[in-house]
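The values are calculated or read from the model by the stated rules, or taken from the named source; none is laboratory data. Everything numeric here is computed off the predicted structure, so don't read it as measured data. Positions of Cβ are backbone-derived with ideal geometry, glycine not excepted, and every protein chain shown enters the neighbour counts.
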Amino acid sequence: MKELAEIFEGRFGEKPKFFAEAPGRLEILGNHTDYNEGIALSAAVSQRTKFAMSPAPGRRCRLVSSLDSVERSIDLDSVERVEEVGSWTAYIRGLICEIRKRGKDIGAFDAAISSDIPLSAGMSSSAALEVSALFAFDKAFGLGFTNTELAKIGQGAENNFVGVKSGLLDQFSSINGKESSLILCDFRVNEVLRTVKVPGNYVIVVINSMVKHTLVESDYNMRRESCSRALDAMRVRHPELKALRDVSPSNLDEWKSEMAFADYMRARHVVMENERVRLAIDALLSGRMDEFGRLLYESHDSSRLFFENSCPELDLLVELSKSVPGCIGARLSGGGFGGISIHFVEKEVAELYASRVAAAFKVATGIDTTPIFCELGSGARCVEA
Ligand code: GLA
């Protein structure tokens with residue numbers, strides 16, 4: 001935080017009063033289950049976004065990022081005016097709108113921000129920005145929100161301001177992450193059901209496909225609509241169903257003819273992901289790491305064939321993981337359609353493994369990618385200086 005405090009002081013002439021930080025996240029298993037009231041296994045990483053701030057007089061908020069040192073501002077009386085389309089300050093504006101919708105408000109502030117989470121890669125740099133800012137706002141302005149409310153405010157900024165109809169996974173994991181552990185999240189009750197340590201002899205290697213799908217928002221939203229149509233179709237005869245969470249694999253197959261085939265395929269992915277998360281917890285708890293790895297591969301195949309949210313580059317990375325020694329399982333992670341793949345790799349060969357996969361990927365696609373070795377860290381926090 002020292003470096004960030006210096007940036008803050010250099011710009012605003014005094015030391016910041018609050019330091020907040022929030023990690024990026026990895027979705028380990030449970031793809032697109034969150035908005036279907038399902039379960040997911042995720043983790044917070046050690047890479048994080050830091051937000052140093054002080055309340056300020058007046059109505060103008062000043063923000064500076066360590067990336068470009070450009071001073072940006074938000075006028076609290078015209079928060080909804082988005083003159084900087086695509087700028088990271090849109091997320092902060094979105095947060096302020098969402099806080100106001102809940103009958104509370106913040107005052108003006110000065111803030112300096114830095115982050116070592118790769119941007120737009122699938123590690124939720126935007127959720128980390130939202131959560132770090134929210135933790136600072138909550139403390140500095142005494143808002144008194146619960147952690148789940150804070151996660152929903154971040155989600156609301158994405159849904160209503162940025163336009164992605166995402167679930168709660170990203171913000172929830174950034175808030176609730178536990179050191180060296182995976183967390184089992186239940187999105188019906190919005191609670192962490194348990195944490196599971198990752199055995200010390202494995203490391204998670206993140207390999208970015210470097211594919212940025214420009215239509216990711218609309219494809220994501222279409223998948224979500226498909227899940228909801230599948231549910232509606234089943235509810236005609238089974239009104240007791242509240243979400244895809246309530247559908248077992250055998251019931252889904254029995255009721256297959258009640259829905260469009262494409263909607264069935266999307267629902268199948270989600271229903272099976274919930275099953276895989278349950279099996280993965282058992283495998284981890286009983287030390288059956290090969291079984292855990294197999295479930296990761298199965299999840300990727302299901303993304304590729306049923307949810308159709310993979311892409312040739314992600315498929316290639318997962319295929320390569322099977323031919324280079326050291327990896328027990330790999331899959332795409334996050335929304336999909338590009339972004340990152342995660343690989344569970346034996347620690348002692350991880351460096352060699354990562355460089356061999358990256359080299360083979362380069363030969364096949366011409367794309368340069370730099371593998372990231374992820375330590376799992378704790379969730380967001382804010383301290384007063
Ligand atoms: C993105 C969304 C999350 C979740 C995942 C897929 O990361 O932001 O809410 O739906 O995709 O599991």
Next item on the list: Return a yes/no flag: does region 77-89 have any residue that is buried (at least 22 other Cβ atoms within 10 Å of the Cβ) and at pLDDT 95 or above.
Entry: no
Note to self: Quick check on region 87-103. Is at least one of its residues in a loop (DSSP other than H, G, I, E, B), more than 24 Å from the chain's Cα centre (by Cα) and more than 16 Å from the ligand (Cβ to nearest atom)?
What the structure shows: yes
Checklist line | Residue tally, condition basic (K, R) and within 24 Å of E21 (Cα to Cα), over region 326-385 | finding: 1
Margin query: Given the criterion out of contact with any His (no Cβ under 8 Å at 6 or more places or on another chain) and either over 19 Å from A359 (Cα atoms) or in a loop (DSSP other than H, G, I, E, B) (or both), identify the matching residue among L316, L284.
Written below: L284
Check: Taking region 21-57, which residues are polar (S, T, N, Q), over 15 Å from I175 (Cα atoms) and near the ligand (Cβ under 10 Å from one of its atoms)?
Finding: N31, T33, N36
Next item on the list: Report whether or not V205 is buried (at least 22 other Cβ atoms within 10 Å of the Cβ), more than 24 Å from D186 (Cα to Cα) and in contact (Cβ under 8 Å) with a residue 40 or more places away in the chain.
Entry: yes
Check: For residues in region 112-138 being assigned to a helix (DSSP H, G or I) and within 18 Å of A5 (Cα to Cα), which is nearest to the ligand (Cβ to nearest atom)?
Finding: L129
Next item on the list: Pick out the one residue from G287, G379, G334 that is touching a Gly at 6+ places or on another chain (Cβ under 7 Å), in contact (Cβ under 8 Å) with a residue 60 or more places away in the chain and on the phi > 0 side of the Ramachandran plot.
Entry: G334
Next item on the list: Report, by residue number, each residue of region 314-337 that is farther than 20 Å from T33 by Cβ and crowded, with 21+ Cβ neighbours inside 10 Å.
Entry: L317, L320, S321, G326, C327
